[in-house]
Each structure stands twice: as C-alpha cells, then as structure tokens.
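Below is one structure, written out as structure tokens, with a few remarks after it.
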Amino acid sequence: MMAAASSMEAEVAALRARYAAGRTRAAEWRAAQLRGLLRMATEMEAEVCHALHADLAKPHTESYVHEISLVKSSCKFAVKNLKKWMKPKKVPASLMTFPSTARVTAEPLGVVLVISAWNYPFLLSIDPIIGAIAAGNAVVLKPSEVAPATSSLLAELLPRYVDGACIKVVEGGIAETTALLDQMWDKIFYTGNGKVGRIVMASAVKHLTPVVLELGGKCPVVVDSNVDLHVAAKRIAAGKWGCNNGQACTAPDFIVTTKSFAPKLLEALEKVLEKFYGNDPLRSSDLSRIVNSNHFNRLKGLMDDQMVSDKIIFGGQRDERQLKIAPTIYLDVPLDSAIMKEEIFGPLLPIITVEKIHESFALINSMTKPLAAYLFTKDSNLQDQYETSISAGGMLVNDTSVHLTNQYLPFGGIGESGMGAYHGRFSFEAFSHKKAVLVRGFAGEAKARYPPYSPAKLKVLKGVLKGNLGVMIQAILGCPRGK
Amino acid sequence: MGEEKPSHGGLGSLVSGVREVFESGRTREMEWRKAQLRGLIRLLTEEEEEIFDVLREDLGKHRGESFRDEVGVLVKSVRNTLNNLEKWAAPEKADTPLVSFPATAMVVPEPLGVVLIFSCWNLPLGLALEPLSGALAAGNAVVVKPSELSPSTAAFLAANIPRYLDAKAVKVVQGGPEVGEELMEHRWDKVLFTGSARVGRIIMKKAAEHLTPVALELGGKCPCIVDWLDSKRDSQIAVNRITGAKWSTCAGQACIAIDYLLVQEQFAPILIELLKSTVQRFFTKPENMARILNEKRFHRLTSLLEDQRVASSIVHGGHGDPNTLSIEPTVLLNPPLDSDIMTDEIFGPLLPIITVKKTEDSIAFLKSKPKPLAIYAFTNDEKLKQRIIAETSSGSVTFNDAIVQYGLDSVPFGGVGQSGFGQYHGKYSFELFSNRKAVLKRSFLIEFMFRYPPWDEYKVGMIRHVFNFNYVSLVLALLGLRR
C-alpha cells in the first residue's frame, strides 16, 4: 500500500510537470483529445456495449442511447464550442478606473481528479473528463471498481485514443481511491452517494481543493389527474425501469398522486410494463440486472421489510442467482419505512396517495432536496406552483430523465443531492478558473485616491463613486489642487 | 437592539428561527429583496459618521480610506445590484433540440435557503455587507458572523442590521472562534468565509459533514512586478499606485494589498527613491495610515524584521511604536528568499523588493509559488502583459494599478488554488448564493414510440437518426419510406 501511495505521488507529480510545461493548454491539443474520445465511442461501440452487458446486463439499446450517444454528442458539442468558450469575455470597466479595459479569461485549474460511478460507468467517466479536457486540464480518471469490465476497458482504450501522458486511468477500489484523494488536486469531481461524497469533500480540505459532487436522492414524481395517462405511464416507466432498472440517480424514486387517481395510474403502469417486458419480466433481455449481490441484498431487505411487504400490488419476482428483480410497485407504504427514507436505486416503485394533489408539495419538501423532481400535468398553474415551491437540481414536467440530454441545461444537485453542475458549457466552467484581467494605463490619475486625506478629496471620491461624470472629469484633471 | 450574545445551545433556536422565516417564502419576493438592498444603502448613508468612528476605533482608519474602501464602494455595489436584480433573477431560456419539440427549457435561479457569512477584521464592514447584499439579492435568509477582532464594527452591525433590514431574516451573531465552530455544527445552504487558510480548512472540514457548499476567500502573497519605466511621469504614477496599494489600504493588512515587488534590477534604485519621497508626501500625519490590528500582530510583524539578514536589507523605515501599534512604511531590498518575510503572507506595512535581471524572469519566479489572490504588474510592454496572463495563475491580474479591481462590479472576485475558491461581486454574488435550477417542460403532444422497449434494431436505427440530428431520415423512416 505504501508502495502504491508513493508511486501514485510520483505519477501525479509527473502529470503536474507536464501540465506546467503547457502541454494541455493549446486549443488544438484539446480538440484532438475530444475527437479521440469521439472516435473511441464510435469505433468501440460494440466493445463498450459488451462491457456494460457484462457489468450490468444492460440492454444494447440502453447502452447506445444512454451512454454512447450521450458521450458522442457531448464530445461534438465541446469541439464545436471550444473556441467560443476559450475566448476571453470583455466586460465593462467602470467609470472609476477610467481609462481601462476589463475582461474575464477562462484558464485551466491544473490537474484534476474524476471519480466515476458504476451505474453509467462509461458515460459518467467520459462526460466529466470531456469538460476537464476542454478546459485545458490534465486528468486522472478513477472508474468504479463495481463495474470492473468497463473499468478495465477504459484503462485499455483511453491510452489508445487520447494523450495518455496527460490523461490517465487509475483502476482500483477503496485503497487506491484513498491514495488518490491524498494527492494534491486542483479540482475533484465525484459522482456517487452522499456518504462517500462527504469523505471526498473532507479529503479535499487538506489542499483546499474545490469539489463537484454529483450525488443522488429520492426523485419524486407527482402525477395529476389532468394528464394523457397512457403517455405519462410510458414516460414514467421508461424513466424508472428503462434506465438501468431503476439504478440511476435521476430515476423516478416514488410517485405521489391522489387517492382517486391512483387506481387508474396503476392500471396504466401495469399495462405499459407488460408491453415493455412481457409476462415474465425476469426473462426479458430489455431489463438490466442488479449490479451485484450487495445491492441485491439491500433491495431484498427493502422488499422483505415487514412495514411494506404487504403493500406490494404488482411484481415482486426476483432471481437471486441471476441478480434480477422485476418491476415492483407498492401502494401507500408508511412514510417512515426504509423504502421511503433511503434512495431506492432499484426497480421498486412506491406510490403514495394524498387527498389533494397540492399535498404532495409538503411531502416532498419534508425530504432532502432531490437531483430531479418530476411532475405530470397539463395544468399550467400547477406547473408554476411546483416550480416555485420545490427546490431541486433540475425539474421536468411531463417527462422523466430527458433533461439531462440537453447540453444547454446545467446538470447537478442541491443540498444532499450535491454541489456544482456540468454538461455543455457548464462542464467547461466546472473545470476552469475565471480570471479577472484589468488593464490600465498611466493616464487618468486621480489624486483624490491618496493620502494625505482631506475633506476636499473626500468630496471628490464621493462624487466619483456615485458615478458623477462632472466630478470624475474634475478628478482626472487633478482636483483638488495642491497636495 | 440588544446584542445577540449566544449561550451554549442558544444558537440552535436562532438558526431554526431563520430557517422558518425562509420557509415562509418571504425572502423570495422581489419586493422584499429590493427593500433589504435599499435598507443597506440607507444604513450606509445615514450611519456614515458612526461607521467612520467604529472603523477608526478598530483599525485607526482615516475617514478617507474608510469611505474609499468600505462605504463608497459598497453603496456603489448595492446600487448596481438593485438596478440589475430583476434581470439577474429572471429565468433564462435555453435551447432545446428539435427532437424534443414541443418543449421549453429554462434555467431558473432560486435562493439556496439559509446562508452563513464569516467576515474578516480588516475590511470588517465591506467583507460582511458585500456578500450580505448578494445573498439577500438572491432571496436567502442570512446569518452574519463578524470578526471579534474588530469589535466596534461587530457591535455596530449587531445594533444596526436589525434596524435597517428584516430583523427576523437577517441575523448578526457576535463572538469568537468557539461561536464560529458552534455555528458550523449546523447545516447551511451555503457558507462564505473570508480569512486565513488555517481557519478556512476548519470551516470546510465541518461543512463536509453536512455537504454544505462553501466559498473560501483566502489570502496569499500578492506580488507586484515592476518593469523598467521610461517616462518620469509614468514612474511617479506607478509609485503613487504602489504606495497607495501597500500602505493606504489598512496599512497593508489586506488580502489584495501588494505583498512584495519584483523589480527589474536597474530600475530598483529609481523606484526606491520614488517610494521614499512618495511615502513622505502621502503620510504626513500618523492618522493617514491605519494602525496594526493588535499587539499580537504588531509583534509578529516586528519579529519578521528581527532576522539579521532581513534587518540589514531595510532601506527605508523599520521602526514601530508598540504604544500606538503603528509601524512606519518600511521598504527592504532583497531580503533572503527563505526568510519568513518572503515565505509568509506579510499582511502589514513591510514591502520587500526582490530584484530580477530581466522583468520576464518574474514569471518563472511566480510559477514556483502558490497561486495568489492577485498579481499586479506595472509595464507598458504588451508582450510581457500577454505572457503574464497566459503563464501565471491567480485570482485576478491587474496592469498598471492595484486594488482597484475590488471595486469593479463586472469582474469576479475570488481566489484560485491556495488563495481559495468561489467568486463574488456584482452578478457573481447573486450567482454564488443561487441555485440554477434546470426546468424542462414537455407536452404530451408528440410521442415517439421508438423511445420504449421492447427493443429491436428498427427502433435503434430511428434513435441513431435522432442522435445524428438527421431529421430528414427520421421523418422518412417514420413515414415508412426508409429503413
């Protein structure tokens, strides 16, 4: 372990030296790396899908739609906008410093660490490093060891497609991650859960490293009766079970609807689920499995909890050997049951009923702020009220999950669901420092600035700071006279 | 208007009280926010004389300096915020790809909730009220903890904030480090800390336990590069500005004060003579320069000069009076680089001059040092300016002046690396204390069946068209005219 730690120190130091030598700064280098990643995602599509299937039994379509194509569009977006993002932005200089020019220049932070997650192991590794590279940093990527096939594929592929001297993959588990967190980084980007997020932030204290934490939470779905029920049911099902079988940070965690509407919603969901996965979901190839036995046992525990096991109204099938759990729906579990207190991250969907739909707001606000909050309704008043009453990283009306595919929207959490955001130019900014540059000349000298202070000078300063043009001119002309 | 003297555990009810006020929704209203900002402006203008009094008591600041650096710049900033608030708070439309039509995407700024601001003793008013104005503009409830080392200003804030602002939503908590630690036992929606790296680390560590996002405004050694200047007039103006930036800003006790100079060796003697004459011209009376904060800092500063090698490098000044806690403007020429005065942040009226053979050599010197809050350079050489911007990293860079970047509302203010993270001033203050919530609204109108399982190659093909933005092929495929 000691050897691992000191060789890691040496590797990071070497990376820092290459960064200091300027290797990652030029736009050409950055664009070349991004194009390399694009080529990798295109040429290695089959290999990536194969690894994702090995790690998660992820259906080929989900691998393509949720991971590969998002990586490709993210690369293309960054390449297209790179020069624009890199360009310094002129800003108004104030009357007070006249004459002068001011601008804000984006510069790389330096050497950054990206720690990825196991559920979208390809996307959540490459998407953040796209931002880090576009911003001109050197990068170390630590893929999740819980998705080992993807981790070793990344370790093998990245050096073939990008500059392996400035973009490194370090594989491993807790020991290696701890050793990495001990090094000095200019930024740490972590995707995962709140418990480890706290550890990451506490480690960052040593070197005063800023962090982005993309965490999770319980994403609520409020379903009003004023909806196109069939479409709503499909979109909810797609967001829940069509996203890694519920193992996604933006997957709907639970539903809140009115007592009167619940039966209709339930019926619609059951119909859709049968259409999607057939009569025997455990045998459908379109359903991901649970990632490992740890998580399987965790979900089993939630299901077998005495407080909820009699509230199950659909599904419940599971196969421990294959680590598969079928889409399962519960009705009105107690709010203090485990399934309603922790992030489910699996195919179990509680439906909580209320008398009036507005009661859902208080319920959601009594929980920690989620990464995403969903609402299905055609009622624009209800939409507006939801928007102002609920705080979340992102909000989506009449659909689930798709907001994260929009490169123009920041993607990140708030409160327990995280800090910082990325995607599109927000990725570039997450890994940049906005440096203020103010350029003055030697003209326009205002004596009033300097001691010895006097009431006359104070008067001039007051006028200048108020933006009083007449006083400004006087100041430049050298008033007050004398000292 | 009694002081909030916290008793053990008494802070709990203060914090929960403020949170209740936030949850009532009052602080989100635009009218409330504007009323607070107007209240701040009235506080600063109506209580101006008392402000000058307390700043003189705490730090011996002359009213000219207090107006220039604290009151005047604050009023200007709050007015700017008031004028722009509606624009900043308005939702911003984001593009949506055609395939999600019809949809609207927006980024909606919302308040974070309840924020905590730690101010510092050297600009005790400014470093409390500038962030406060941003937090209020963003719609938050706020707790301010002024530094106990500037007690008159702390008491002033405790007495006057409740008079001019919403006393239930904006609280001032007085006390020492133990009060700060107790405050950090609670969860905050954001913490802004201005002060030393040592305390910054304590704050960040406590914040990690609650996943509280923090911004740290720290210090460092702000270098000032001085190139050979041809013109006599330019040289005098440069020296005026250097002198002001060192000694006229809280006697050098400022995070953006010039810490030391890097001077082209042939220009150094000229510079030193100009410094001597300018210092004499500016500081005719003791009241024109602030005093050292307290005995502890006084002794720390004088002990920096006790090192024999350092003492022998003094070319001007060097004497201090412990009775008045004043140290005269002191200039040193080439003290050893490993002496404390060249390794620690000085934060006082001692100005080392380090000579370099060529001005460009400063760049390599700076690259070997931690990133400072500000880099200053006096030069007319355009190539040198570009090299400094491109090859060094700092919170900001200012050419041919110093300190003035602090008062410019259009540029971000904050550090990088060891000088901190998180930026504020102007719109950046508003953003620092806001959550940029992504909101995407879709309709039920257009529904693509290829989004959903069960998957087959036909559906995957359609999705490929979508991701390649190949709308023509998509439409043709939908019409059944193409596979």
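Taking helices (runs of 4 or more DSSP H) that fall entirely within the range B:394-483, which contain at least 3 residues that are at the interface with chain A (Cβ under 7 Å from one of its Cβ atoms) and charged (D, E, K, R)? Break it down into steps so the answer makes sense when it comes.
On the way: elements: B:427-432, B:457-467, B:471-478.
Passing ranges: none, list empty.
Confirm whether A:K83 is within 23 Å of the chain's Cα centre (by Cα) and surrounded by fewer than 19 Cβ atoms within 10 Å (Cβ to Cβ).
no
Within the range B:270-286, can one find any residue that is more than 25 Å from the chain's Cα centre (by Cα), farther than 26 Å from B:F413 by Cβ, more than 14 Å from chain A (Cβ to nearest Cβ) and among the basic types (K, R)?
Yes.
Within the range B:144-156, how many residues turn out to be crowded, with 23+ Cβ neighbours inside 10 Å and in a helix (DSSP H, G or I)?
Within the range B:144-156, residues that are crowded, with 23+ Cβ neighbours inside 10 Å and in a helix (DSSP H, G or I) number 3.
Is it true that some residue in the range B:55-62 is surrounded by 13 or more Cβ atoms within 10 Å (Cβ to Cβ), closer than 25 Å to A:K466 by Cβ and without any contact (Cβ under 8 Å) to a residue 12 or more places away in the chain?
Scanning the range B:55-62, I find at least one residue that is surrounded by 13 or more Cβ atoms within 10 Å (Cβ to Cβ), closer than 25 Å to A:K466 by Cβ and without any contact (Cβ under 8 Å) to a residue 12 or more places away in the chain, so the answer is yes.
Considering only the range A:52-61, how many residues are more than 8 Å from chain B (Cβ to nearest Cβ) and surrounded by fewer than 24 Cβ atoms within 10 Å (Cβ to Cβ)? Even if it seems obvious, please write down each step before you answer.
So the first thing to find is which residues in the range A:52-61 are more than 8 Å from chain B (Cβ to nearest Cβ), and the list is A:52-58.
Now drop any that are not surrounded by fewer than 24 Cβ atoms within 10 Å (Cβ to Cβ), which leaves A:53-54, A:57.
Total satisfying the criteria: 3.
From the residues in the range A:385-401 that are closer than 23 Å to B:D189 by Cβ and not hydrophobic (A, V, I, L, M, F, W, C), which one is nearest to the other protein chains (Cβ to nearest Cβ)?
Pass one, the range A:385-401, residues closer than 23 Å to B:D189 by Cβ: A:385-396.
Going one step further and asking which of them are not hydrophobic (A, V, I, L, M, F, W, C), we end up with A:385-389, A:391, A:393-394.
Numbers: A:Q385: 12, A:Y386: 10, A:E387: 6, A:T388: 8, A:S389: 9, A:S391: 6, A:G393: 7, A:G394: 4 Å.
Ranking the candidates gives A:G394 first.
Looking only at the range A:426-445, which residues are at pLDDT below 80 and closer than 30 Å to B:G420 by Cβ?
Result: no residue meets the conditions.
Within 24 Å of B:K371 (Cα to Cα), crowded, with 24+ Cβ neighbours inside 10 Å, touching a Cys at 6+ places or on another chain (Cβ under 9 Å) and within 14 Å of chain B (Cβ to nearest Cβ) - does that describe any residue in the range A:119-137?
yes
Looking at the range B:437-461 only, could you name the residues that are modelled with pLDDT of 80 or more and crowded, with 19+ Cβ neighbours inside 10 Å?
Scanning the range B:437-461 gives B:K437, B:A438, B:V439, B:L440, B:K441, B:R442, B:Y452, B:P453, B:W455.
Among the residues of the range A:275-285, write down those that are within 11 Å of chain B (Cβ to nearest Cβ) and either free of Cβ contacts under 8 Å to residues at least 24 places away in the same chain or under 22 Å from A:I351 (Cβ atoms) (or both). Let's see the steps before the verdict.
Keep residues of the range A:275-285 that are within 11 Å of chain B (Cβ to nearest Cβ), which gives A:275-278, A:281, A:284-285.
Those that are within 11 Å of chain B (Cβ to nearest Cβ) and either free of Cβ contacts under 8 Å to residues at least 24 places away in the same chain or under 22 Å from A:I351 (Cβ atoms) (or both): A:K275, A:F276, A:Y277, A:G278, A:P281, A:S284.
Can you tell me how many residues within the range A:212-234 are out of contact with any Asp or Glu (no Cβ under 8 Å at 6 or more places or on another chain), under 30 Å from B:V416 (Cα atoms) and more than 9 Å from chain B (Cβ to nearest Cβ)?
Here the count works out to 2.
Just to check your reading of the model, which residue among B:S339, B:S312 is among the polar types (S, T, N, Q), modelled with pLDDT of 95 or more and in contact with a helix residue (DSSP H, G or I) (Cβ under 9 Å, 6 or more places away or on another chain)?
Details: B:S312 fails: in contact with a helix residue (DSSP H, G or I) (Cβ under 9 Å, 6 or more places away or on another chain).
Checking each option against the conditions leaves just B:S339.
Sort through A:L382, A:L404 and tell me the only one that's more than 7 Å from every other protein chain (Cβ to nearest Cβ), more than 17 Å from the chain's Cα centre (by Cα) and touching a residue at least 60 places away in the same chain (Cβ under 8 Å). Even if it seems obvious, please write down each step before you answer.
On the way: A:L404 fails: more than 17 Å from the chain's Cα centre (by Cα).
Exactly one of A:L382, A:L404 is more than 7 Å from every other protein chain (Cβ to nearest Cβ), more than 17 Å from the chain's Cα centre (by Cα) and touching a residue at least 60 places away in the same chain (Cβ under 8 Å), namely A:L382.
Could you tell me whether any residue of the range A:345-368 is in contact with a helix residue (DSSP H, G or I) (Cβ under 7 Å, 6 or more places away or on another chain), closer than 26 Å to A:W118 by Cβ and within 11 Å of chain B (Cβ to nearest Cβ)?
So far as the range A:345-368 goes, yes, one or more of its residues are in contact with a helix residue (DSSP H, G or I) (Cβ under 7 Å, 6 or more places away or on another chain), closer than 26 Å to A:W118 by Cβ and within 11 Å of chain B (Cβ to nearest Cβ).
Is there a residue being under 32 Å from the mean Cα position of the chain (by Cα) and surrounded by fewer than 18 Cβ atoms within 10 Å (Cβ to Cβ) anywhere in the range B:243-256?
Looking through the range B:243-256, none of the residues is under 32 Å from the mean Cα position of the chain (by Cα) and surrounded by fewer than 18 Cβ atoms within 10 Å (Cβ to Cβ).
How many residues does the range B:57-77 contain that are away from chain A (no Cβ under 12 Å) and part of a helix (DSSP H, G or I)?
3
Kindly indicate the residue of the range A:85-110 that is assigned to a strand (DSSP E or B) and hydroxyl-bearing (S, T, Y) and also farthest from the other protein chains (Cβ to nearest Cβ) among those meeting that condition. Before the answer, list the steps.
So in the range A:85-110, the residues assigned to a strand (DSSP E or B) come out as A:89-91, A:100-108.
This time we only want the ones that are hydroxyl-bearing (S, T, Y), so: A:100-101, A:105.
Numbers: A:S100: 8, A:T101: 10, A:T105: 6 Å.
The residue in question is A:T101.
Take the conditions more than 9 Å from every other protein chain (Cβ to nearest Cβ) and either at pLDDT below 95 or out of contact with any strand residue (DSSP E or B) (no Cβ under 6 Å at 6 or more places or on another chain) (or both) and apply them to B:V21. Does it pass?
Numbers: more than 9 Å from every other protein chain (Cβ to nearest Cβ): yes; either at pLDDT below 95 or out of contact with any strand residue (DSSP E or B) (no Cβ under 6 Å at 6 or more places or on another chain) (or both): no.
Spelling it out, it is not the case that B:V21 is more than 9 Å from every other protein chain (Cβ to nearest Cβ) and either at pLDDT below 95 or out of contact with any strand residue (DSSP E or B) (no Cβ under 6 Å at 6 or more places or on another chain) (or both).
Does the range B:338-353 contain any residue that is more than 27 Å from B:E287 (Cα to Cα) and touching a Phe, Trp or Tyr at 6+ places or on another chain (Cβ under 9 Å)? Give the derivation first.
So in the range B:338-353, the residues more than 27 Å from B:E287 (Cα to Cα) come out as B:338-340, B:342-344.
Keeping just the survivors that are touching a Phe, Trp or Tyr at 6+ places or on another chain (Cβ under 9 Å) gives B:342.
Taking every residue of the range B:338-353 in turn, at least one turns out to be more than 27 Å from B:E287 (Cα to Cα) and touching a Phe, Trp or Tyr at 6+ places or on another chain (Cβ under 9 Å).
Is it the case that the range B:277-294 has a residue that's touching a strand residue (DSSP E or B) at 6+ places or on another chain (Cβ under 9 Å) and in a helix (DSSP H, G or I)?
yes
Assuming B:M184 fulfils every condition listed in (1) within 30 Å of A:V205 (Cα to Cα); (2) within 12 Å of chain A (Cβ to nearest Cβ); (3) in contact (Cβ under 8 Å) with a residue 12 or more places away in the chain apart from one, which condition is it?
It fails just one condition, (2).
Please list, ordered by residue number, the helices (runs of 4 or more DSSP H) wholly in the range A:125-223 having 3 or more residues that are more than 20 Å from B:F421 (Cβ to Cβ) and of a type outside the set (A, V, I, L, M, F, W, C). Explain how you work it out, then say what you get.
Numbers: elements: A:148-161, A:174-181, A:194-204.
Ranges flagged: A:148-161, A:174-181.
From the list A:L266, A:L282, which one is in the same structural domain as A:F361 (by TED's automatic domain parsing) and more than 20 Å from A:N119 (Cα to Cα)?
Values: A:L282 fails: more than 20 Å from A:N119 (Cα to Cα).
After applying the criteria, what remains is A:L266.
The values are calculated or read from the model by the stated rules, or taken from the named source; none is laboratory data. In this text, all values refer to a predicted model and were calculated from it rather than measured experimentally. Because the Cβ atoms are built from the backbone with ideal geometry, glycine has one as well, and the counts that use them run over all protein chains shown.
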